[in-house]
Amino acid sequence: MCMSLRIEPREMAKVLIKIRKMSFAQEMSIKLGKSLIMLGDLFPSDIAPVLAPNKHGQMAIFPMASGFTHQATTKPLANCRVETADTKALWKDSWYRRRCVIPASWYYEWGYPLYEDDNRSMVEHRNTKKIKFAIQSEGSDVTYIAGLYHHEEHSGMQVPMFFVLTREAAGTVKDIHDRMPVIFDKNTLQDWIRPDGDPSAIVEKAMTNMFFETAVEYHRFICDAWIFSAHIFPMSFWFFF
């Protein structure tokens with residue numbers, strides 16, 4: 001998948017301010033050479049807000065970096081298939097013990113354009129140039145994307161690294177792509193991140209109703225002061241704080 005995530009300030013400003021003040025996040029930023037702005041398009045190795053269990057097993061917010069590093073590639077591994085997460089050595093331990101949720105405004109995917117009264121053959125359809133779509137949970141400003149995480153040593157620091165779980169596309173997403181992230185509604189989040197939960201059973205609760213439209217290209221946020229003055233925006237989705 002070429003899928004990537006987008007974080008907007010209106011939904012997440014207060015939480016990002018909280019993370020930015022954490023000494024652990026500041027150290028991570030220095031060790032990785034990555035910004036703590038955490039807004040806009042999320043790229044591999046970028047730091048992002050992630051929901052995971054705290055030492056009491058309750059859901060809490062943590063800074064994590066995107067992607068697992070692996071000797072077979074110079075680029076971080078950003079996602080894995082849920083169908084093999086419980087068997088492949090790289091993912092298996094995290095599948096059973098370290099599950100997380102990445103809250104995003106939406107995700108991007110490249111897919112085939114859709115037309116009304118489309119009489120083209122499947123071959124003609126597949127030969128059409130792909131376009132970029134913005135996709136999010138239907139009826140929600142926040143898309144809760146399932147992930148796994150582990151810790152890696154970077155510059156002498158144990159850094160939590162996450163990646164996104166993907167599944168076979170369902171619902172309307174099937175019309176533009178054959179894969180999609182595993183996405184939950186907010187009532188399923190605590191079940192998913194619990195270390196003693198059954199991930200295979202919880203995945204069955206994944207959402208399939210998505211809203212999508214042709215993506216708009218944005219400039220990456222660069223103005224720190226303006227971004228973090230956005231704390232006046234509502235944060236109703238952080239219901240667990």
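Bear in mind that the values in this text are calculations on the coordinates, not laboratory data. Small disclaimer: the values here were computed from a predicted structure and weren't measured. A quick note on method: Cβ atoms are made from the backbone with ideal geometry, for glycine too, and the neighbour counts reach across all protein chains shown.
Among the listed pairs K55/K132; K31/K88; K21/K55, those whose Cα-Cα separation exceeds 31 Å are K55/K132. Label reach from A201 (point 7 Å along Cα→C-beta): in the range 69-103, amide nitrogens under 16 Å belong to 96-97.
In terms of surrounding Cβ atoms within a 10 Å radius of their Cβ, L189, L39, L32 rank from fewest to most as L32, L189, L39. Sorting D191, D196 from the fewest to the most surrounding beta carbons within 10 angstrom yields D196, D191.
Within the same chain, lysines fewer than 8 places from K129 are excluded, and of the rest, those with a Cα less than 29 Å from its Cα are K75, K174. With a Förster radius of 35 Å applied to the beta-carbon distance between S155 and K18, the computed FRET efficiency rounds to 0.90.
So, in nm, how far is label L114 from label T172 when the simple model puts each one 7 Å beyond its Cα toward the Cβ? So the two model labels end up 0.5 nm from each other. Annotation: the antiparallel percentage among DSSP beta bridges lying fully within the range 4-232 is about 90.
Please identify which residues in the range 1-43 have an amide N closer than 13 Å to a label point set 7 Å out from the Cα of D141, following the Cα→Cβ vector. Answer for this model: 8-15.
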